[in-house]
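First the structure, in the form of structure tokens, and then the observations on it.
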Amino acid sequence: MKPSIVVKSSCWLVLLYLFSGTAWAQTTAISGLVTNEQRQPLEGVTVTVKGSATSTQTDAKGRFSLPFVGNSMVLVFSIVGFETQEVVVKPNADLQVTLVETTSHLDEVIVVGYGTQKKRNVTGAIVSVSSEDIAERQALNVFDALQGMASGVQIDQESGRPGAGSSVRVRGTATMEGGADPLYIVDGAQGVDINTINPDDIESVEILKDGASAAIYGSRSANGVIIITTKRGKEGKPQIKGSYLNSYNTLSHKIPQANADQRRLYEMKRGGAGARTIDSLNPAYNADNDMQELITRTAQRHQLDASLAGSTGKLNYYGSLGYLGDEGIILNSWYRRVTSRLNMDYSPSNVFTYGNRLSFSYRTENRIHEGNVLNQAIPRPPTNAVYFPDGSLAPTISGRMNPLAQALLRKNEFDIYDASIYNYFRFNVMDGLRFTTDAIVRFNYSHNEVFVPKLLNTNTGATVEPVSNGSEQDNMLNYWMVQGFFNYDKSFADRHHFTGVLGVSAEREYTRRINIAGNNWVSEEIPTMNAAQELILNNIYTNGLRSTQASLFGRLGYNFNDRYIFESNFRLDGSSRFGRDNRWGFFPSVSGAWRFSDESFMQATRNYLTDGKVRVSYGVTGNDRIGQYDAIQRYVFGSNFYNGVSGVVPNTLFGNNTLGWETTRQFNTGLDLTFFDGRLTVTADYYNKTTRDLLYNAPIAYETGFDDVRVNLGSIQNRGVEITIGGSPFRKERFRWHTEVNFTRNRGRVLELAEGTEMIVAGIWLVEEGQPLGNFYGWNNLGVYAYDESNAWTDDGRQLMPVFGSDGAFDHYILDGQRYMGNVNQLQTTGGISKGGDVIWQDVNGDWVIDDTDRIILGNAQPKWMTGWNNALSYKDWTLSFNFYLSYGGKIYNQARRVMASYTTSLATPDPYIINNAWWRPGDITDVPIPVNNGMENVRELNSFFLEDASFIRLRNARLTYQMPAQWMSAVKFAGASIYVYGNNLFTWTNYSWFDPEIAFSNPLQMGRDTGRYPRRRELGLGLNINF
Amino acid sequence: MNVQKNTIHISGRAPGIKRIVLLLYVGCACLVTSCESFLDQQPISDLSSDKFWLTADDAKLGMAGIYSSIQSVFSSNYILWGDARSDNFTFSGTGEAQINYSINAVTSTMAGTSWAEIYKTIQRANLAIKYLPTINLPVAQRDHYLAQAYAIRAYMYFFIIRLWGDAPIWLEPYENINAEANRPRSPADQIVQDVILPDLRHALEIVDPGVNTVVEVNIGGILAMLTDVYMWLHDYEGALEASERLIGLDRYQLANGDEWKDMFLSPANSRGNIWSLSWNFLQDGPDGTSRQIGAGNLDPLYVMDPAVIERFHNDPKDIRTKLTFDSLLFANAATPNARSKRLGKFAVRNANGTFQYPQTTQSEYKLTMYRYADVLLLRAEALNRSNDKPGAFALLNEVRAAVGLDPLDGSEYSSEDEVEKAILDERQLELFAEGRRWFDLVRTGRAMNVMDPIIRERQEALEMTVTGFTDGRRTLLPIHRNVLINNPVLTQNEPYSF
């Protein structure tokens, strides 16, 4: 009885409730506005009455209205990309609903080669960076935008020079000389100059790290592929955006430099007269300059961007204009860039789409000669005058250039014009099958003008009349590529999903160069070449280079219910750069993923494990970045004149007609986990990649008359782990915190070298089998002998301590407190037996002679691991974002410091530590040798004294944004506005003594050498964004 | 490669699958066939090797290439090889390399220890020797080119054996990637007997005796080389025969008085020159020699040894003194600084007698390879060693007379060694900074005796451990490390380390 009564009564209650709801319903309506967190209206949000079928969508202004039913009801707001929200409403309410973007990006679509893919179904190792991530950084360029954002991607700026490039290494360095930069694809096209892209135009960046994902790009993809997609218009009325920022930049770290007193102390220790000479008229002896202060400044950066975007259903457009004016912190160095872009997609019907991506840019730069400014400023005796008493700039004084004059007067200007025109047509051939054909044409013209006025070639005491000199260089580049490919994408029975790609492409790159050089300008007012009175014939040349490539590529994908995912890519590439018999390369890949969280046995964990997937992939990729004609035996001319005849001689690079591809085989396995509806995500990858047939400029016996030959030799292995953990500890409406940590650890080693023979590169690095690249090789510096007699060793290599009599004369040795009577050995170098003030070198082979056989590996240039930590906190209208970058391990060879402290010339001034601590008199206990060149090679290259720990932690950037309240905005008819303050390169914690421990890895064989680069700056700025 | 054209005319109407397959098939076929020619890219601004050595012009251009590499060989090594280690020069400033050359402590990473440029010249000569006969040229013209190629090849090997001793022999160009590039060192004697002498003799047979261009190797140059080589071998008979033929050409004479300077400034106008290098900095780049001994804008790396300056000043009648260096500066300055010790031998001298040292970037010192005085003095040495003391003195005094010096009295020199020393002393001043002195010392077995005390003195002044010459094997240079790295089958000279 009892149960039936309960059931009956509840049924009645429900009926009564429903009936009363409809019966007493008033004809009032509820309406409201739905916005995102930036207070921008959201269109197309589905608003459903909970428990009923009633629903509506928001309009372009983000507004909706519904008839109100009952006393209260619950509305459900949902849209892709945002978290679904439920709101209890009362009658006649005008709602303000703010939707929060989902932290889980699983539903996002990302761009892969020749198509897109749901992020949750990715089978390879792909990192995606969004426009929002980039916007937080006030990036100058693409590299700036990506640094520290993705695990497994190491980006290091070459220097602090405005307009300086960066080295990008995806998963370590897997080549020696084949070019280690990744392949860039911009809106589906290759060959775009990445420096012409305004970071503000970027919608997303995808980094394909594993071999399987990259293999569809075949021959150029071994170093990873970076796909950049620029912005498109969004549905709705046109959006106009404007932004401006202004920042102040200063030298982030001033290094210790000797003052005049210290210089005089140095002269005294050296025993020379030099600056200690009293001669009030001599420009070399009477100043006390702080050169870093003199050549640097507080520099300003201005950046102004405007864009217009919109879509009318058939036509989608995005246009932008950007200006960047960037001053360098070294006087007279600057970089300006104007970029413009027009992206358009037009679909007159659902069969046909036409689109284009047009981008034009102009860049101009005055590039400071780092060797003549910075590398002269630091070692220059501070006593040397910069200005003469009459206010004129001093010339070169006793062989030391005047860095200020070099910065101000030397002209090295670049003008670069770049146009990139990309068009595509797309046809929907039939249901699921699409054909695309596209073409990109890129034209680049650059002009470089160098002019060195007389003053910079003037040396005090010289007997010859100085002459001015200069050069002009024009470069023209033309690149085109055409592609045609089919995309297939179709589901059967709702569970079997097939995808496919098949296409062909052809491309050509063509460059021309003209160089003219001369001397003795008619007037220093006119820097152009026509003013030269004398042309330098062996530096006047033109050259042309052309290379072509043809390809066939394809993909096959199968996906069962998003649970079992399989994909296979291939590419067949033919390149003109290789020998005829080896020019075709085949690059296949396979990959698969299993979404185990969808399996029935995972039911129990579904409450907290939202999504779980394992991935495995294997792919073959290639590298063709070598000279255009390395496979051809050539005769060259133009710089081999004799007696007025232009001699024709064989090129010093031996043409290898058997040259073929460098290939990389990469295995990747990864795990993607999403917990608590996206509040915590974990992505982990392990990879193992082996590069074979390395493109290497092998030395060839000089007796053949050649210097080197491009060959396929040896192999390198890179293994590593990448982990990215993201989480949202706070997700309240008012306070939110999203944080992400990425971790990268790469281990590389050389598996095989030509005939197993080790190589010593530039006398600094040792490359041998079984060891990583970047091993520093040299002598271990153990200290400095205090006395001549300190060079005394027992037969088993223990140092004896000399004891001196009351008259100061040497008496005897002691060892462990005992008088030593045994055999005394002395170490010697090529310069003789080491004495007090000479360096104690580690005698590795124990023969008491320090020579080349005593060199050992002193450390490695590559960091052991790297971590990026990115944060975004928001409270009400305030947002704070900041990120740290940590690089641990690795050594830097501080070559700039060694050059100053090599004692080979009296003109170089070492840093204060060297001067103050240099050995002077017998008994001095120090680690700095006697500051004279006594033939003992105490400052030999390479020695461990100049190797320093390269680890650092950097607060790379921080930004505080204030979102203007909506009511203010409506008052000025803005859709939205925000202002922010930000800082870049704010703090660095490091033990490295020179300007900056961040160093580019441009040359895989010569990593980690600091030659005294343009120092990095600290930037503080203010910016404003307005949406109209 | 018209893939696009094949596929682009698909209109909005969906074509059948068959058509697509067909198009793809066409596309693929296109890839593997017509793409081959699309992928054949020939150099645009260089010549591929099959397009050279075809015409008479090519022969001339190829020969210029050989001479151009001779400029590279000597640009920075002229002083290092023949003078820097001798008692002619000492270091200036504090540079490690200069010091090490001055105390004969050369190591395998220093400038001057690589033979790469020399072999480059040899291989260019090898190319000429291989391909000149394939060109349609008048025989006399072709043979004269060939004679130069043979002679230059011999001359280059002659430098190699004197500087490093044993060395690999290459008599044909390296042209095939599969051929063995690493050859071991052959004994120096074998190089002399199998390469240098046969090459020179063959060159002498085919050379056009009528050609007399001083900036190229002509019959005089070949005979001078032969004299030089025979003297190195102490084959005095051979040296006398070759030098006699050279004198018999009746082409050369000693430069008298101020004409002496012409040999270094305008070699073509002086009959005292047998072979000099042409130099024009606008075309050939600057001659590195000025950087080492005297440029206008920088301190020299090597300065005259004080003892030599004194010898130049010994006889005020010697016209060479003021033409070689600024003797007034040297005499007046109490402590002359390095720059005032520049050597002006190859520099232009203006009307009031001061040298116009060039900028290092504009230097065009016309390096002398062989001079008549050189050969006459070598002949004097040969006569001395062939029991013809009067003949030796006659030649020696002939050279002295040309520069304003009184004759030496042969009777004051009792032994052959003493006469030889007198001749070598004369050679030192006459051929100062012309890359001769060191080889003279080594050839006559005097290097160690002359240099040991000087090196000790220099080491003492530098507060270094005094070791002296240390080892007779140090008359040879070490082989540069890069040379050893590039060819692993080579071995370093004892007692040098890698």
Inverse mean reciprocal Cα-Cα distance (Kirkwood Rh) of the stretch A:635-748, Å: 19.3
Debye, to nearest 20: dipole size of the stretch B:279-365, +1 on Lys, Arg Cβ, -1 on Asp, Glu Cβ: 180
Which of the lysines could a cross-linker bridge to A:Lys209, judged by Cα under 20 Å and excluding same-chain residues fewer than eight apart? A:Lys118, A:Lys119, A:Lys613, A:Lys689, A:Lys864
Kirkwood-based Rg over Rh for the stretch A:426-551 (C-alpha set), two decimals? 1.41
Apply the Karplus curve 6.51 cos²θ - 1.76 cosθ + 1.60, θ = phi - 60°, to the phi angles in the stretch A:196-213 and return the couplings in whole Hz, x for Gly and Pro. 8, 8, 7, x, 5, 8, 8, 8, 7, 10, 10, 10, 8, 9, 8, x, 5, 5
Work out the FRET efficiency for B:Thr213 and B:Ala461 from their Cβ-Cβ distance, taking R0 = 51 Å, and round it to the nearest 0.05. 0.65
Based on the Cα coordinates of the stretch A:583-703, what is the per residue volume of their convex hull in Å³? 156
Compute the angle between helix B:139-163 and the longest alpha-carbon principal axis of chain B, please, reported from 0 to 90 degrees and rounded to the nearest 10. 70
Can you tell which of A:Ile227, A:Asn195, A:Gly172 lies farthest toward the positive end of the dipole of the stretch A:109-239, using +1 and -1 charges on the Cβ of basic and acidic side chains (Lys, Arg; Asp, Glu)? A:Ile227
Inter-chain shielding metric for B:58-71, i.e. average beta-carbon neighbours from other chains within 10 angstrom, reads 6
The base-10 log of I(q)/I(0) that the Debye equation returns for the stretch A:109-239 at q = 0.14, 0.15, 0.17 Å⁻¹, one scatterer per C-alpha, is -0.61, -0.70, -0.90
Quick check: from the Cα gyration tensor, does the stretch A:719-813 come out rounded (a/c under 1.5), prolate or oblate? oblate
Amide H within-cut-off set for A:Glu534, under 5 Å, with H built and near neighbours excluded: A:Asn519
Using the alpha carbon gyration tensor of the stretch B:68-132, what are the three equivalent-ellipsoid semi-axes (square root of 5 times each eigenvalue), largest first, in whole Å? 30, 11, 9
Can you run phi through the Karplus equation (6.51, -1.76, 1.60; θ = phi - 60°) for the stretch A:903-908 and list ³J(HN,Hα) in whole Hz, with x for Gly and Pro? 6, 6, 9, 6, 7, 8
Efficiency of FRET from Cβ geometry, A:Thr250 and A:Tyr888, R₀ 30 Å, rounded to 0.05: 0.65
How far is the Cα center of the stretch B:41-75 from the Cα center of the stretch A:701-779, in Å? 41
Nearest-20 debye value, the stretch A:143-292 charge dipole, Cβ charges on Lys, Arg, Asp, Glu: 240
Once phi for every residue in the stretch A:1008-1015 is put through the Karplus expression 6.51 cos²θ - 1.76 cosθ + 1.60 (θ = phi - 60°), the whole-Hz ³J(HN,Hα) values, with Gly and Pro written as x, are x, 10, 9, 8, x, 8, 4, x
Projecting each Cα onto the charge dipole of the stretch B:279-365 (Lys/Arg +1, Asp/Glu -1 at the beta carbon, about the Cα centre), which of B:Val303, B:Gln362, B:Thr321 comes out farthest on the positive side? B:Thr321
How far, in degrees from 0 to 90, does helix B:372-385 lean away from the longest principal axis of the Cα atoms of chain B, to the nearest 10? 60
Please average, across the residues of A:530-538, the number of beta carbons from any other chain that are within 10 Å of each residue's own beta carbon, and give a whole number. 3
From zero up to wherever the largest Cα-Cα distance of chain B sits, split into 20 Å bins and tell me the percent of pairs in each. 21, 51, 17, 7, 4, 0
As a Kirkwood estimate from alpha-carbon pairs, the protein assembly as shown has a hydrodynamic radius in angstrom of 37.5
With each pseudo-label sitting 7 Å past Cα toward Cβ, what's the A:Phe492-A:Leu358 distance in nm, one decimal? 4.5
Working only with C-alpha atoms, what are the Rg and Dmax values of the stretch B:279-365, expressed in angstrom? 13.1, 41
I need the calculated FRET efficiency for the pair B:Asp388 and B:Asp250, taking r as the beta carbon distance and R₀ as 22 Å, to the nearest 0.05. 0.50
Can you list the DSSP H helices in chain A whose Cα atoms extend at least 18 Å along the helix axis and whose mean Kyte-Doolittle hydropathy is -0.5 or higher? A:2-23
If you bin every alpha carbon distance in the stretch A:426-479 into 10 Å steps from zero, what whole percent lands in each bin? 17, 20, 16, 14, 11, 8, 7, 5, 1
Taking the Cα centre of chain A as the origin and placing charges on Cβ (Lys, Arg +1; Asp, Glu -1), which of A:Gln549, A:His369, A:Leu342 is farthest toward the positive end of the dipole? A:Leu342
Over all Cα pairs of the stretch A:369-414, how is the pair count split among 5 Å bins, expressed in % and running from 0 up to the last occupied bin? 5, 24, 32, 23, 10, 4, 1
Note the full-extension length gain between A:Leu782 and A:Val972 as 0.36 nm times their separation in residues minus their Cα-Cα distance, in nm to one decimal. 61.3 nm
Using DSSP to call loops (not H, G, I, E or B), can you name the GluC sites (Glu not before Pro) in the stretch A:534-614 whose Cβ has at most 11 other Cβ atoms within 10 angstrom? A:Glu599
Between A:His302 and A:Glu235, what is 0.36 nm times their sequence separation minus the Cα-Cα distance? Round to one decimal in nm. 21.0 nm
Shape box of the stretch B:241-395 [Cα atoms, principal axes, largest first, Å]: 48, 40, 27
In whole angstrom, the spacing between the Cα centers of the stretch A:851-903 and the stretch A:644-695 equals 23
So what's Rg/Rh here for the stretch A:339-443, counting alpha carbon atoms and using the Kirkwood radius for Rh? 1.46
What is the dipole size for the stretch A:297-353, taken about its Cα centre, with +1 at each Lys and Arg Cβ and -1 at each Asp and Glu Cβ, in debye to the nearest 20? 100
For chain B, find the longest principal axis of its Cα atoms and tell me its angle to the long axis of helix B:197-206, 0 to 90°, nearest 10. 80
Provide the convex hull volume over Cα atoms per residue for the stretch A:231-303, in Å³. 148
Report the Cα centroid-to-centroid distance between the stretch A:364-394 and the stretch B:397-413 in angstrom, as an integer. 56
Please report the orientation-averaged projected area of the stretch A:977-1026, defined via the convex hull of its C-alpha atoms, in nm². 5.2
What distance in nm lies between label points placed 7 Å from Cα along the C-beta direction at B:Asn314 and A:Ser392? 4.8
Could you give the C-alpha radius of gyration of the stretch A:776-887 expressed as a fraction of 2.2 N^0.38 Å, taking N as the number of residues it contains? 1.90
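Rule-based calculations on the coordinates, nothing more; no lab input. Keep in mind that this is a model prediction, so the values were computed, not measured. Positions of Cβ are generated from backbone atoms using ideal geometry, with glycine treated the same way; all protein chains shown enter the neighbour counts.
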